[in-house]
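The values are calculated or read from the model by the stated rules, or taken from the named source; none is laboratory data. Computed from a predicted model, the values in this text were never measured in an experiment. Cβ placement follows ideal geometry from the backbone for every residue including glycine, while neighbour counts extend to all protein chains displayed. The protein model used for the area step is the full one, side chains on, heavy atoms only, and it has no ligands, DNA or RNA in it. Shrake-Rupley method; radii C 1.70, N 1.55, O 1.52, S 1.80 Å.
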Amino acid sequence: STPASKEEAVKTRIKDLFAFCKADNKAAAAAYIMYRGPDQSRSGKDVTHYDGSSEDKRDVDSTCANIRGNLDRSEGYDFGKFMTQPKGDASEVVAYEVYFRQGNSKVGAIYAFTLLGGKYVLVDIDSISADVPPVRKGVATIVGAESPNAAAPIAPGRGGVAGGVAQTNQNTPPAATKPSPHAPISGGVLNGKALSLPKPSYPAIARQAHASGTVVVQVLIDENGNVIAAHAVSGHPLLQAVAVAAAHQARFSPTKLSGQPVKVNGVLMYNFVAP
């Protein structure tokens, strides 16, 4: 049957691709993955063929290994936000966040697709979060083309899907803390107060769309200086998920009021610079 919407069409393609990779049916999976190798007559115009070139096989092998690894380590998976962004050539990139459940935590990735021959094919897999050196003050700036923390683009001359996934902390229960009689206090902009402020990765779909600007994330910090809640309040939709994931990893010194540790409300600001 024909999917009722673009979102359902992409979701169906992801489910099918996952099933093929889980079953190690690489010939079928190949038809869901865009060719990104050195042959300019095919690149961006064709899908991979598992009985074709070594670049095709490498592409399919690495993509299926990525997907199968997450499926094998997980109890299941959930779909998150659906995103769509026009490109300069009048086409568009569409993407779904997928979260793999692993106990009390989740592993997240963004699966980006484009329409090719009337069907959605996989362009990229991007990490939703990444471990980076701490930034102690100022607004975190993420440069799309230059940041060493950005997910690696697909290398010219060989196929393959960039990225992999990294574990996020949004569903990890916070450490037990001594109850506080005080309500959370307002801390304003908290970037300069962080002991550790990891930068988010720059998603491939955002690079392709030249997405930029500041993402503002509202956070709640517990008595121990850990971020226990975070949500985006403004910013480009293709950049919000990675900013929220990075905010969960921020660490602060405990804040005390009248000698008692208290929770703090505030915002973290991440400035993304398009390539």
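Filter the range 215-241 for residues that are under 10 Å from residue 268 (Cα atoms) and in contact (Cβ under 8 Å) with a residue 40 or more places away in the chain and give the result.
Matches in the range 215-241: 215, 216, 217, 218, 219, 230.
I'm trying to understand the selection: among the residues of the range 64-123, which are hydroxyl-bearing (Ser, Thr, Tyr) and in a strand (DSSP E or B)?
Result: 77, 84, 96, 99, 105, 111, 114, 120.
Being out of contact with any helix residue (DSSP H, G or I) (no Cβ under 7 Å at 6 or more places or on another chain) and either over 18 Å from residue 93 (Cα atoms) or among the hydrophobic types (A, V, I, L, M, F, W, C) (or both) is the filter here; which residues of the range 39-50 pass it?
Selection gives 39, 40, 41, 42.
Output the number of the condition that residue 228 fails; it satisfies all remaining conditions of (1) assigned to a strand (DSSP E or B); (2) over 17 Å from residue 185 (Cβ atoms); (3) open to solvent by 20 Å² or more (accessible area, probe 1.4 Å).
(2)
Looking at (1) modelled with pLDDT under 90; (2) hydroxyl-bearing (Ser, Thr, Tyr); (3) more than 23 Å from residue 114 (Cα to Cα), which is the only condition residue 202 fails?
(3)
Quick check, is residue 67 open to solvent by less than 30 Å² (accessible area, probe 1.4 Å) and more than 18 Å from the chain's Cα centre (by Cα)?
So residue 67 fails the test.
May I ask you to verify whether residue 24 is among the charged types (D, E, K, R), surrounded by fewer than 19 Cβ atoms within 10 Å (Cβ to Cβ) and at positive phi?
Against the criterion (among the charged types (D, E, K, R), surrounded by fewer than 19 Cβ atoms within 10 Å (Cβ to Cβ) and at positive phi), residue 24 qualifies.
Quick check on the range 2-20. Is at least one of its residues in contact with a Cys (Cβ under 6 Å, 6 or more places away or on another chain), touching a residue at least 12 places away in the same chain (Cβ under 8 Å) and open to solvent by 40 Å² or more (accessible area, probe 1.4 Å)?
no
Within the range 41-63, is even one residue within 30 Å of residue 212 (Cβ to Cβ) and over 23 Å from the mean Cα position of the chain (by Cα)?
Yes - at least one qualifying residue is present in the range 41-63.
Could you list, in sequence order, the residues of the range 17-34 that are closer than 15 Å to residue 98 by Cβ and in a helix (DSSP H, G or I)?
17, 18, 19, 21, 22
Scan the range 116-125 residue by residue and report those that are at pLDDT 90 or above and surrounded by fewer than 17 Cβ atoms within 10 Å (Cβ to Cβ).
Within the range 116-125, 119 is the sole residue that qualifies.
What is the residue count in the range 223-241 for residues that are within 17 Å of residue 82 (Cα to Cα) and in contact with a Lys or Arg (Cβ under 9 Å, 6 or more places away or on another chain)?
3
Name every residue in the range 181-213 that is surrounded by fewer than 19 Cβ atoms within 10 Å (Cβ to Cβ) and hydrophobic (A, V, I, L, M, F, W, C), in order of residue number.
183, 185, 189, 195
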